[in-house]
Amino acid sequence: MSLGLPTGSHRPTGGPDTLYIHPLVGVLVHADVRQSTKMSVDARTVTSKDATLLNNGFGASWIPDLLGYGLASGVALLADVGVLTGLVKLAHWPYLAAASLAFIAGAAVAYVLSVRFVFKHRQTVRRTVEFSSFVGLGLAGLVVNAAVMFIAVSGAGLALVPAKVLAAGATFTTNFTLRRQMLFAPARKRP
């Protein structure tokens, strides 16, 4: 199966199994759909270099990682919220200090689940470097976490758990993007 990308002057060369990127909506469509919707015939078949670009961060190959990372993050969030709630309600810690320690506990759970069950590709074989990088990238998430918690609790007056849900969403987006692209992206093939 080949892919087609819109260009200005090239005619498609693929057969009935060729996929094209629809010029108006930007999604992959089968050749039959292209013909039935009268999509522009100004398209070219994607080269292997183009297909590599699509598969290395711009194609659908990241979706299973996102779903798996979402599940791992859900388990990590349960650990995070449990530690946060215990430290604030039982140990009477200030919520920002408790949120930071709870975040680190959640990050440890996320790392173990991520490398064991989610990501198939790894940029390094040295576990200590990988874990250090995972935690280092998580510091960006920690900053996002603390900022959203502060704004949600102190600025918007939200309760602790709803504020944590907002912070978790922002942190998830930050951490998945950074970790997937820098630590767990498939190796890029050289032309």
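The values are calculated or read from the model by the stated rules, or taken from the named source; none is laboratory data. Here the structure is a predicted model, which is why all the values come from computation and not from measurement. With ideal geometry, Cβ positions are generated from the backbone for all residues, glycine too; neighbour counts draw on all protein chains shown.
A few comments on the model shown:
- Some residue of segment 109-119 being under 19 Å from Pro162 (Cα atoms) and either touching a residue at least 12 places away in the same chain (Cβ under 8 Å) or part of a helix (DSSP H, G or I) (or both): no
- If you go through segment 86-107 and keep only what is modelled with pLDDT of 95 or more and of a type outside the set (A, V, I, L, M), you end up with Gly86, Lys89, His92, Trp93, Pro94.
- Residue in segment 111-128 that is modelled with pLDDT of 90 or more and touching a Ser or Thr at 6+ places or on another chain (Cβ under 9 Å) present: yes
- Any hit, segment 86-97, residues being of a type in the set (A, V, I, L, M), surrounded by 16 or more Cβ atoms within 10 Å (Cβ to Cβ) and farther than 15 Å from Arg179 by Cα: yes
- Residue satisfying all of: in segment 107-125; more than 16 Å from the chain's Cα centre (by Cα) and within 14 Å of Gly138 (Cβ to Cβ); surrounded by the fewest Cβ atoms within 10 Å (Cβ to Cβ) among these: Val112
- Hey, Ala146 out of contact with any helix residue (DSSP H, G or I) (no Cβ under 7 Å at 6 or more places or on another chain), in the same structural domain as Ala79 (by TED's automatic domain parsing) and either closer than 25 Å to Pro64 by Cβ or at pLDDT 90 or above (or both) or not: no
- Any hit, segment 126-145, residues being polar (S, T, N, Q) and under 16 Å from Leu84 (Cα atoms): yes
- Residues that are modelled with pLDDT of 85 or more and assigned to a loop (DSSP other than H, G, I, E, B) occur at least once in segment 176-188.
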